[in-house]
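For reference, the structure discussed in these notes is given below.
The values are calculated or read from the model by the stated rules, or taken from the named source; none is laboratory data. Quantities reported herein were computed from a predicted structural model and do not represent experimental measurements. Cβ coordinates were reconstructed from backbone atoms using ideal geometry, including for glycine residues, and neighbour counts include every protein chain displayed. Surface areas here come from the heavy atoms of the whole protein model, side chains and all, with no ligands, DNA or RNA. Shrake-Rupley method; radii C 1.70, N 1.55, O 1.52, S 1.80 Å.
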Amino acid sequence: MAIEVRKVVLESVTDASGLAYLIETGVFGADDVIAVVGKTEGNGGVNDYTRILADRAFRDVLLEHGTRPLSEVKEIPMVWSGGTDGILTPHATIFATVDAAPSDEPRLAVGYAMSDTIRPEDIGRPAMVEKVAEGVMAAMKEAGIDNPSDVHYVQTKTPLLTVDTINDARKRGHTVFTDDPLESMNVSNGTAALGIAVALGEIEMPAADRIGHDLSLFSSVASCSSGVELDRAQTVVVGNVRGVGGRYRIGHGVMDDALDFDGVYDAIRSAGLDLPERAQAEDLGGRLVNVFLKCEADPSGRLRGRRQVSLDDSDVHHHRHIKGAVGGIVAAAVGDTAIFVSVAALHQGPSGGGPVAAIVDMG
């Protein structure tokens, strides 16, 4: 079926009124919602419970307005990324199926899959890469995507390490990649990204000693998040398929560094909008639905030759520095602060930069 995709702003941590409005006005039905990707206003860390609150609010709306049982509503992929530092706005992008006339033009398609259980000792290791890769291939099949080049955005949510899961692994005689739960967020994201890259043929299966260390290995379409909410890899694959119909199309690009807003315009062009060589927000004509990007502070401590100090800041974590900075740059480029900007971009795009996906309304 064709995909309808809409963006709604969260006016509070538990605000799902935007979703309810779309259902009540007939844009799509509650039972037609297949995925949600959103930003919440928490700290973006291990203990960011705003993700859980937003998740509950959105699922409650689907239960109230739809007919699916709780067991099915619980399985709907909802990927919440915490932290709206700087000028970023909490929001959610909602994907739903709708009836539409078939089209020979490439149009948005979405597939979803859950991996096998990812144990604490798998994180940062080839076992997790393999499990994520299998999930990506299953989600591609569900979306009807045969060619990896038609995949432009893969959003995952994977488990990270906590004190409890670290202790659990040790009791069972296993070691873990790191004892630091916050660092495990970055490692989990990076390992998931390598699984995406393997599934799409961007890289070969990496050796264990290259995971988290060889920064030349990355996926150009991966956007990976992790949290305490689940113990499997939740995967949403978004690409284009001919014949499904609908109004929307997706493309992708890469930001080579934190200042590379041209990478954002490249993603929008890839999605199908014609833009002038030196584009600006006014050229988008209201046809951009949303952009989704990953970013990180350059591990070299330099940005286009200039020294950066965020990695040395003991008061404010560098994730918050870079998220606020890149969020401001991209918001200016597209003229909207409700954009999906996520950090911990290990193996997601080039080191110091990150992948960008853009969804546009083709009318």
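Among the residues of the stretch 137-149, which ones are surrounded by 18 or more Cβ atoms within 10 Å (Cβ to Cβ) and over 16 Å from GLN234 (Cβ atoms)?
ILE145 - this is the single residue of the stretch 137-149 that is surrounded by 18 or more Cβ atoms within 10 Å (Cβ to Cβ) and over 16 Å from GLN234 (Cβ atoms).
Looking at VAL244 and the list (1) more than 18 Å from MET128 (Cα to Cα); (2) modelled with pLDDT of 95 or more, which single condition is not satisfied?
(2)
I'm checking my understanding of the structure. Among residues of the stretch 24-37 that are under 22 Å from the mean Cα position of the chain (by Cα) and in contact (Cβ under 8 Å) with a residue 60 or more places away in the chain, which one is farthest from ARG232 (Cα to Cα)? Don't jump to the end; show me each part of the working.
Taking the stretch 24-37 first, the residues under 22 Å from the mean Cα position of the chain (by Cα) are 32-37.
With in contact (Cβ under 8 Å) with a residue 60 or more places away in the chain added as a condition, the list becomes 32-35, 37.
Working: ASP32: 24, VAL33: 21, ILE34: 18, ALA35: 16, VAL37: 17 Å.
Among those residues, the one meeting the criterion is ASP32.
Search the stretch 228-242 for residues that are in contact (Cβ under 8 Å) with a residue 24 or more places away in the chain and among the acidic types (Asp, Glu) and pair each with any residue that is crowded, with 24+ Cβ neighbours inside 10 Å and assigned to a strand (DSSP E or B) when their beta-carbon atoms are under 6 Å apart and the residues are at least 6 apart or on different chains.
Partner pairs satisfying both residue conditions: ASP231/PRO159.
On the given criteria, is ILE166 touching a residue at least 12 places away in the same chain (Cβ under 8 Å), part of a helix (DSSP H, G or I), in contact with a helix residue (DSSP H, G or I) (Cβ under 7 Å, 6 or more places away or on another chain) and of a type outside the set (Phe, Trp, Tyr)? Talk me through it step by step, then tell me what you get.
Values: touching a residue at least 12 places away in the same chain (Cβ under 8 Å): yes; part of a helix (DSSP H, G or I): yes; in contact with a helix residue (DSSP H, G or I) (Cβ under 7 Å, 6 or more places away or on another chain): yes; of a type outside the set (Phe, Trp, Tyr): yes.
Spelling it out, ILE166 is indeed touching a residue at least 12 places away in the same chain (Cβ under 8 Å), part of a helix (DSSP H, G or I), in contact with a helix residue (DSSP H, G or I) (Cβ under 7 Å, 6 or more places away or on another chain) and of a type outside the set (Phe, Trp, Tyr).
So which of ARG287, ARG320 is farther than 24 Å from GLY42 by Cβ and open to solvent by 40 Å² or more (accessible area, probe 1.4 Å)? Steps first, answer last, please.
Details: ARG320 fails: farther than 24 Å from GLY42 by Cβ.
From the options ARG287, ARG320, the qualifying one is ARG287.
Examine the stretch 177-185 for a residue that is within 22 Å of ARG320 (Cα to Cα), open to solvent by less than 70 Å² (accessible area, probe 1.4 Å) and aliphatic (A, V, I, L, M), and state whether such a residue exists.
Yes, the stretch 177-185 has at least one match.
Go through the stretch 142-163 and give me each residue that's farther than 15 Å from ILE196 by Cβ and either within 18 Å of the chain's Cα centre (by Cα) or touching a residue at least 12 places away in the same chain (Cβ under 8 Å) (or both).
Applying the first criterion (farther than 15 Å from ILE196 by Cβ) to the stretch 142-163 yields 142, 144, 146-147, 159-163.
Scanning the stretch 142-163 gives GLU142, GLY144, PRO159, LEU160, LEU161, THR162, VAL163.
Can you find a residue in the stretch 191-214 that is surrounded by fewer than 18 Cβ atoms within 10 Å (Cβ to Cβ), touching a Leu at 6+ places or on another chain (Cβ under 8 Å) and either part of a helix (DSSP H, G or I) or at pLDDT below 95 (or both)?
Yes, the stretch 191-214 contains at least one residue that is surrounded by fewer than 18 Cβ atoms within 10 Å (Cβ to Cβ), touching a Leu at 6+ places or on another chain (Cβ under 8 Å) and either part of a helix (DSSP H, G or I) or at pLDDT below 95 (or both).
Just to be sure I understand, how many residues within the stretch 263-282 are free of Cβ contacts under 8 Å to residues at least 12 places away in the same chain and open to solvent by 40 Å² or more (accessible area, probe 1.4 Å)?
Looking only at the stretch 263-282, we keep the residues that are free of Cβ contacts under 8 Å to residues at least 12 places away in the same chain, and these are 274-278.
Of the ones still in play, those that are also open to solvent by 40 Å² or more (accessible area, probe 1.4 Å) are 274, 276-278.
Summing the residues that are free of Cβ contacts under 8 Å to residues at least 12 places away in the same chain and open to solvent by 40 Å² or more (accessible area, probe 1.4 Å) in the stretch 263-282 gives 4.
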